Every structure is written in structure tokens, then in C-alpha cells.
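Trainee: Below you will find the structure I want to go over with you.
The values are calculated or read from the model by the stated rules, or taken from the named source; none is laboratory data. All values derive from a computational prediction rather than experimental measurement. Note that we place each Cβ from the backbone using ideal geometry, even for glycine, and neighbour counts take in every protein chain shown. Please note that ligands, DNA and RNA were not included when accessible areas were found on the heavy atoms of the full protein model with its side chains. Shrake-Rupley method; radii C 1.70, N 1.55, O 1.52, S 1.80 Å.
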Amino acid sequence: IAKPDTDVSGEITIDTTWTQAGSPYVVVGDVTVNPDITLIIESGVQVRFNGSYALNVRGTLIAEGISGQEILFTSNLPSPTPGDWGVLDFRSDSKYSHLQYVTIEYGGNAYKTGGNCVSGVVCVNTSSFVLEDSTLRYSDTRGVVLAQSSANLVNNTFDHITWEAIRLHACDLNISECHPTIIGNDFSYTQYPIL
């Protein structure tokens, strides 16, 4: 007997862990991790978006998979296509988020942008963010959009990204300087690796 999916939507207001036992987690509406709240996603967990929804992070997201047991962010449709879902949106009040050994695919819906970004599957509006050893693929728009950010993007693979794999979108020096670290990334089938 197949176990039921775990449907998720709305605000996360207490520290929460999405476990392998509860996987897959099906996003049936926008999800927001509130300020000062931590969402931990265990290795091997699948997060499946059932429409053009966003995971908004105003607190902390820790998604640390391991090689061979990656965390998957994907479409919930039986025949997925790029743009099936929206965005992982790391807002300016997000702190200490870390994604490692994750696969992010079939997102980047052009009509579901992050709060301070042009469309892309990951919007980063904070400097307190690390994405490493991960794969972003089949985005209908961009891969990672950095806005007012000194994030770290290290040893990732960007594959079949329709527009830019990494977009340096905005930096207002009156707010802060922006010095992202972009090292060891691999790009294939993208219009621009970095713009």
C-alpha cells in the first residue's frame, strides 16, 4: 500500500522538520517559513509543487542532502515541463539558509517571481545563503537570481536553463555592497551562464 502524500501550504510558525517518513511533501499553496523559524528538510525527501506556488523563506531553510540521497524540488505533474511551479524565494530577512546536494527542476514560472527578483527558480535577496553541490535544471526562466546579495554558489550544475543560469539582478550600494562567491559551477544548455 502506497503511503499518502503530505500536503503543505501556508505559514510555518514553529521550527519544523520534513522527514523521509513524511515524503513526498506536496505543495498545494504558497508556503512561508516565518522570520526566526527554521525548516529542516532531511536527505532523500521530495518536495513536489502542485501548481505555480512558491516556498518563501523569511527564516532559515536547511536542506542538506547527501550524495545519492539528494533532496528533490520538482513538479507534481505526471509529465512535468519547465515552469510547472514557481520559486524558492529567500527574502531579505532570511538568515543562514544552506542547500547542499539538492536537485531543483521544472520550476521558474515566469508569472511567479520572488519578492525582489525577476523570474527564476531561486531568488536570493540575502547574503546569508549557500547553495553547493547541487543541480538546477529545466527552468522555464532563470536559475538563480541574486538581488542585493553576497551569496555563495559553489560547485553546482546548471542544465537546460531557458535564460540565464545565474542573474546578478540588482545591487544598491546605499544599502550594502554585493560580493557573491561563484566558484566551480558547470553550465550546459543555457542562454547565458552568468549575466
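Trainee: Would you tally the net charge around N34, using a Cβ to Cβ cut-off of less than 9 Å, leaving N34 out, and scoring K and R as +1, D and E as -1? Each step should come with its number before you reach the end.
Mentor: Working: positive: R58; negative: E11, D36.
Charge balance near N34 sits at -1.
Trainee: Protein chains only, probe 1.4 Å: how do T81, T126, T157 rank by accessible area, largest first?
Mentor: Greatest to least solvent exposure: T81, T157, T126.
Trainee: On to the next question. Which sequence of C178, C123, C171 reflects their accessible areas, 1.4 Å probe, from the largest down? Show your work: numbers first, answer last.
Mentor: Values: C178 30, C123 0, C171 65 Å².
The residues order as C171, C178, C123, largest area first.
Trainee: Need one word for the stretch 1-104: rounded, prolate or oblate. Basis is the Cα gyration tensor (sqrt eigenvalues a ≥ b ≥ c); a/c below 1.5 gives rounded, then a/b vs b/c decides. List each step's numbers first, then the result.
Mentor: Working: a/c = 1.45, a/b = 1.26, b/c = 1.15.
Because its axes are fairly even, with a/c under 1.5, the stretch 1-104 counts as rounded.
Trainee: Compute the relative contact order of the stretch 138-195 as a whole-number percentage, counting only Cα pairs closer than 8 Å that sit 6 or more residues apart in sequence.
Mentor: Details: 129 pairs, mean separation 25.4, N = 58.
The normalised contact order for the stretch 138-195 reaches 44 percent.
Trainee: Two decimals is fine: what is log10 I(q)/I(0) at q = 0.16, 0.18, 0.26 Å⁻¹ for the stretch 59-99, from a Debye sum with one equal scatterer on every Cα and no solvent?
Mentor: The computed values of log10 I(q)/I(0) come out as -0.59, -0.71, -0.96.
Trainee: Enter the Cα centre distance for the pair the stretch 118-195 and the stretch 51-114, rounded to the nearest angstrom.
Mentor: A separation of 13 Å, based on Cα centres.
Trainee: What's the Cα-based Rg to Rh of the chain, Rh via Kirkwood?
Mentor: My calculation puts Rg/Rh at 0.94.
Trainee: For the stretch 107-195, with equal point scatterers placed on the C-alpha atoms only and solvent neglected, what are the log10 I(q)/I(0) values from the Debye formula at q = 0.17, 0.21 1/Å, to two decimals?
Mentor: -0.61, -0.93
Trainee: Here's something else I'd like to know. Sum up the charges of everything whose Cβ sits under 13 Å from the Cβ of L77, counting Lys and Arg as +1 and Asp and Glu as -1, but leave L77 out. Write down the numbers at each step before the final one.
Mentor: On the way: positive: R48; negative: D84, E105.
Combined, the nearby Lys, Arg, Asp and Glu give -1.
Trainee: Relative contact order (percent) for the stretch 45-195, with alpha-carbon contacts under 8 angstrom and 6 or more residues of separation?
Mentor: Numbers: 497 pairs, mean separation 27.3, N = 151.
After rounding, I find 18 percent.
Trainee: A follow-up question, please. Where a ≥ b ≥ c are the square roots of the eigenvalues of the C-alpha gyration tensor, would you call the stretch 89-153 rounded, which needs a/c under 1.5, or, failing that, prolate if a/b is larger than b/c, or oblate? Provide the component values of the computation, followed by the final result.
Mentor: Numbers: a/c = 2.22, a/b = 1.14, b/c = 1.95.
Oblate, because a/c is 1.5 or more while a/b does not exceed b/c.
Trainee: Under the rule of at least 5 residues apart or a separate chain, name every residue whose amide H is placed under 5 Å from the amide H of E70.
Mentor: G44
Trainee: Another one. Build a GNM of the chain with springs between Cα atoms under 10 Å: which of G29, G68, G108 gets the top mean-square fluctuation?
Mentor: G68
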